[in-house]
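**Student:** Sharing a structure here in structure tokens format.
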Amino acid sequence: MNRLKKAVVRNKSLYLMLLPYYLIFFTFTVLPVCLSLLISFTDFNMLEFPQWVGWRNYAQLFVRDDVFLIALKNTLLFAAITGPVSYIACFVLAWIINEFPPKMRAVATLVFYAPALSGNALIVWTLLFAGDSYGYINAFLMKWHLILEPVLWLKDPRYMLTVIIIVQLWLSIGTSFLAFIAGFQGLDRTLFEAGAMDGIRNRWQELWYITLPSMRPMLLFGAVIQITASFAVAEVSTALVGFPSVQYAGHTIVTHLMDYGSIRFEMGYSSAIATVLFAMMLGSNLIVRRLLAKVGD
């Protein structure tokens with residue numbers, strides 16, 4: 001304890017400079033999360049004082065709310081596919097592009113990052129998957145006699161989640177991709193020379209024993225970004241298949257949260273949904289952190 005006090009006194013100027021950030025972080029991140037957790041045990045409609053109901057909101061979520069169970073299944077399936085696939089795709093693309101000459105690397109980085117910058121990209125996908133004969137995919141399939149009539153890609157529950165996954169994967173090459181590019185650019189080249197002297201003979205050994213351990217901070221950052229994006233999908237779903245979607249086939253936990261928080265104003269129940277989502281994200285991050293800690297062993 002005394003050692004901690006001496007360290008704080010010795011570095012007080014640094015802590016003072018960090019104080020504004022910590023105040024903002026606590027006020028707008030830590031405090032809202034704690035209040036949401038507290039409100040999740042209440043019945044709160046924004047007009048009356050919250051009434052304590054204990055675990056009733058959570059019991060209703062998992063026992064009585066069939067729509068939430070559908071959203072939970074969709075979200076888990078969505079995260080299990082888009083999270084790992086987009087994470088690996090970002091890393092592999094960054095690894096390949098890093099080998100390009102500087103000018104070609106800059107152009108390729110812009111090309112692959114462009115989908116994340118495209119605000120109106122979902123309009124293009126809506127045209128591609130339009131449910132009439134003028135939709136580009138339907139028109140192509142009908143032209144080659146692969147189908148006899150247009151497929152309702154965005155209205156048929158059999159296809160809706162698949163379409164959302166495809167579009168989300170296309171949009172997912174964003175911040176993590178840039179973090180990996182920066183990580184590759186910051187690698188110490190002397191480590192590869194030392195590795196060659198220690199017996200590393202091919203690129204795969206370089207990747208496992210040098211590149212991945214050196215990029216562990218970027219890998220962890222990218223994992224957090226991809227996990228958050230895969231669990232928090234909502235905009236793509238509502239833009240493509242509507243809100244609510246047919247038979248809730250495109251419903252996710254976040255759209256369920258929007259329903260109760262922004263439309264019905266049942267803040268206690270919506271806070272319970274948010275708490276469950278937060279717990280899922282936190283658990284996934286802890287698992288990924290343990291897995292990344294074994295990289296290079």
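**Student:** List the residues, sorted by chain then number, that are 5 or more residues from Thr42 or on another chain and whose placed amide H is less than 5 Å from its amide H.
**Tutor:** Val53
**Student:** Separate question: Run lengths n ≥ 4 of DSSP H only: what is the helix-derived mean residue ellipticity at 222 nm for the chain, with -39500 (n - 2.57) per run over all residues, to the nearest 500?
**Tutor:** Per the formula, -20500 deg cm²/dmol.
**Student:** Report the residue, chosen from Tyr113, Tyr260, Tyr134, that carries the largest GNM mean-square fluctuation when the chain is represented by alpha-carbon nodes joined by springs under 10 Å.
**Tutor:** Tyr134
**Student:** Further, regarding this structure: Could you work out which residue, out of Trp144, Trp170, Trp125, moves most in a Gaussian network model of the chain, that is, has the largest mean-square fluctuation with Cα springs under 10 Å?
**Tutor:** Trp144
**Student:** Still on this model: Express in whole angstrom the spacing between the alpha-carbon centres of region 1-80 and region 226-297.
**Tutor:** First find each Cα centre; the distance between them is then 15 Å.
**Student:** Let me ask something else. In debye to the nearest 20, how big a dipole does the chain give about its Cα centre with +1 on each Lys and Arg Cβ and -1 on each Asp and Glu Cβ?
**Tutor:** 1120
**Student:** Sort region 143-268 into rounded, prolate or oblate with this rule: let a ≥ b ≥ c be the square roots of the eigenvalues of the Cα gyration tensor; rounded if a/c is under 1.5, and if a/c is not under 1.5, prolate when a/b is larger than b/c, oblate otherwise.
**Tutor:** Oblate, because a/c is 1.5 or more while a/b does not exceed b/c.
**Student:** Additional query: At a 10 Å Cβ-Cβ cut-off, how would you order His145, His256, fewest neighbours first?
**Tutor:** With the sparsest Cβ surroundings first, the list reads His145, His256.
**Student:** If you take the square roots of the eigenvalues of the alpha-carbon gyration tensor of the chain and sort them as a ≥ b ≥ c, do you get rounded (a/c under 1.5), prolate (a/b over b/c) or oblate?
**Tutor:** Oblate is the answer for the chain, as a/c is 1.5 or above yet b/c matches or exceeds a/b.
**Student:** Another question, if that's okay. Counting C-alpha atoms alone, how compact is region 1-115: give Rg to one decimal and Dmax as a whole number, in angstrom.
**Tutor:** Cα radius of gyration and Dmax of region 1-115 are 24.0, 63 Å respectively.
Any read-out appearing in this document is the output of simple, stated calculations on the displayed coordinates, not a laboratory observation. What you are looking at is a predicted structure, and each value in this text was computed from that prediction instead of being measured. Note that we place each Cβ from the backbone using ideal geometry, even for glycine, and neighbour counts take in every protein chain shown.
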